[in-house]
Structure formats: C-alpha cells, structure tokens
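Pasting a structure here, questions to come.
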Amino acid sequence: MTSYIGIWKACVVLFVISDHVGLTLPCIPSITILRSSRIVQTQGMSISLRCPVYLCYPDHLPNVTWCRIAGEQCEHVEPDDRMTSWWEDTIENEAIHVVRIYPVQTNDSGLYKCTATFMAEQIVGRVLEVAIERISKPFVSLELNGDGFPECRASGRGSLANISWIPLSDDTNVTTTENPDNSWTVISTYGINDINATSVICLVSHSTFKEPWIWSISLTKYNTCEKCKKSVGCFWILAAFVVFVGSVIGLCVHTTLKIKLPRYKWSPTANPMCQWGLSRFRSCGRTEDPSSSMAPSGEEDNKVCTSDSREPE
C-alpha cells in the first residue's frame, strides 16, 4: 500500500514540475478493453469484436490483428468470408477497430485478444471472451387473442422465424421484439374482417425446422361472438319494446279492475286487528280519508266484524 502511495505522489510531483517547466510527458499508446469483457450470442447471428486504441498521433493508425487463446499460445485469427473489418471515427485520440463475424458458429467461442502494431512497438489488449450458444427450435403457439383475432407467435434465439397464413390476408400485422437475453419474439396477427372462412392456417418457417410448422385454428368462436355483438342492439330494442308493452297492458288491467270490482267494507270490531284499525281510523272499509263522515256506525261495525263477512257498498 505504501508503495502505491509513493508512486502516486511521484506522478503528481512529476506532473506539477512538467507543467511549470514546460516539459511534455511522453505519450504511451494503449488498448482500452475493459477487464472481464464478454460477448454472448446465438449461433447464426453476428458479433462485433471491438478493439479501442488510444493514439498518440490520430493520423497514424496502427495495424490491428486478433488471436484466439489455445492453451499457452494465442493463435492468429485468419480472415475469411464471414469477416469484415473497419475503423470507426476517431474521438479524442481514441479509434476503435471493429471486426464483424457473420454468421457465427459454436466453434467461434473462445478467448480473444487484439494486438495493435505501431512502427516498432506492439501493444496487446486484455482478454475478450466470446460465447456462442447453440440455436434451438423456437417455441410456437396459435390462439385467438383478446379481440378474437388469430395470433401466431414464435419465440427463440438465432435467426428469426418467418410466419405466413392460409388463406392470405392483406390485414396481417407482424411485430418483432428483441429481448434483453438476446432472444426474439415474432407475433403475427391475422385480420379476418374481410375473410369468409371457418378456419385459418399458420405456417412458421425456421432454420431448425425441416418442414414448416403448420397449425390451424377454428373461427367458429369468433363468428359466434361477432353475431352476438351484432345482435346486442336488436336484443335491447326488443327488451325495451317488451317492457313498454307489458307496462301498457298492466296499466290497462289495473284500470279495468279498479273500475269494475266493487269496493268492500270491513268491520274492525270482532277481532284484535279490527279493534286496532277501529282505534286508529274509526272506520270500516278501505276509505281514503279515515276521518270522513262516510265511515260506518259502531253497530254496523260490530255486526260486520262479528260475522266476519263482507258487504259491498
């Protein structure tokens, strides 16, 4: 720890002296690959090996090569038809040399190093790990989505799946999503507004399939739901009409019975209920005004309540 502090102090003193005296510290080119750098990709996709080089003279680009560690040696990576390389624009004395490999195979996995060669000096960067995963068959599903439309979905790694339909439709929507784990999802939604068919067929093609994945789905549920949706308006109109007719008929019946049926008087003196009614209203029968002078006399009350009979007015 003490040695690191001493080196740091020496660097600070040297910087201060050089700043006051006007000395220029020597420029040291370097490769700035981060420690524990790693690239993970799926077979059949592409990778880019990036070698960032700090330059003392931006106009003088070094020669950059790559090697792969095999045991105690680092074997030179020979360019082939799958590789393309270029320099990106120099930013603040740093230029990045890029090697793109497409398509990658599982045997491209390994530990790589880049070497920048200047006139009489070579600089070797840190180790870059490349992991190429085997491609697997995508997961495929076919179902009716929440809106009732057929939806064909494929999820996997590597090359994208291709989705098509039978019969063809101009109202097909395809979306592709790249997930953080380097996987992808392709969703194709089939529009059936203008198609008079009872079922549709989804075809999924992928490099891992010897033949396209084929599956069909019935549109009976969709057609039934559409008929239900179209008949909702008619249903409510019919329900309102029935309620209206029932109300009119009920009003007519009520009015007719009220006119033709006689009104009855009940005597409230022969039983507790009659006594209760008599004490409160002093009337026998269903009169609108209990205090009306048309209320029957007490003898008539006793007579009617005793016999528990009804007399029409």
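The values are calculated or read from the model by the stated rules, or taken from the named source; none is laboratory data. This one's a predicted model, so the numbers in the text were calculated from it and none came from an experiment. Neighbour counts run over all protein chains shown; Cβ positions are idealised from the backbone, glycine included. Protein only, heavy atoms only, side chains kept; ligands, DNA and RNA dropped before computing areas. Shrake-Rupley method; radii C 1.70, N 1.55, O 1.52, S 1.80 Å.
Would you confirm whether or not the range 181-203 contains a residue that is touching a residue at least 60 places away in the same chain (Cβ under 8 Å) and over 19 Å from Met45 (Cα atoms)?
There is at least one residue in the range 181-203 that is touching a residue at least 60 places away in the same chain (Cβ under 8 Å) and over 19 Å from Met45 (Cα atoms).
Conditions tested, residue by residue: (1) more than 30 Å from Arg38 (Cα to Cα); (2) modelled with pLDDT of 80 or more; (3) not aliphatic (A, V, I, L, M).
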| site | (1), (2), (3) |
| --- | --- |
| Ala161 | no, yes, no |
| Ser164 | yes, yes, yes |
| Asp171 | yes, yes, yes |
| Thr177 | no, yes, yes |
| Ser199 | yes, yes, yes |
| Leu203 | yes, yes, no |
| Trp236 | yes, no, yes |
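Table: residues versus (1) part of a loop (DSSP other than H, G, I, E, B); (2) among the β-branched types (Val, Ile, Thr); (3) modelled with pLDDT under 90.
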| residue | (1), (2), (3) |
| --- | --- |
| Ser18 | no, no, yes |
| Arg38 | no, no, no |
| Met45 | yes, no, yes |
| Tyr57 | yes, no, yes |
| His60 | yes, no, yes |
| Cys67 | no, no, no |
| Glu75 | no, no, no |
| Pro79 | yes, no, yes |
| Asp89 | yes, no, yes |
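I'm checking my understanding of the structure. Among residues of the range 136-151 that are within 22 Å of Ser218 (Cα to Cα) and in contact (Cβ under 8 Å) with a residue 60 or more places away in the chain, which one is most open to solvent (accessible area, probe 1.4 Å)?
My answer is Glu143.
Identify, please: which residue in the range 46-78 is farther than 16 Å from Gly110 by Cα and free of Cβ contacts under 8 Å to residues at least 40 places away in the same chain and is, among those, least open to solvent (accessible area, probe 1.4 Å)?
Within the range 46-78, the match that is least open to solvent (accessible area, probe 1.4 Å) is Cys56.
Of the numbered conditions (1) within 28 Å of Gln105 (Cα to Cα); (2) not in a loop (DSSP other than H, G, I, E, B), Asn173 fails exactly one; give the number of that condition.
Answer for Asn173: the failing condition is (1).
What number of residues in the range 118-135 are in a strand (DSSP E or B) and either closer than 30 Å to Cys56 by Cβ or open to solvent by 90 Å² or more (accessible area, probe 1.4 Å) (or both)?
6
Given the residues Ile217, Ile249, which is the only one that is modelled with pLDDT of 70 or more and outside any helix (DSSP H, G or I)?
The conditions single out Ile217.
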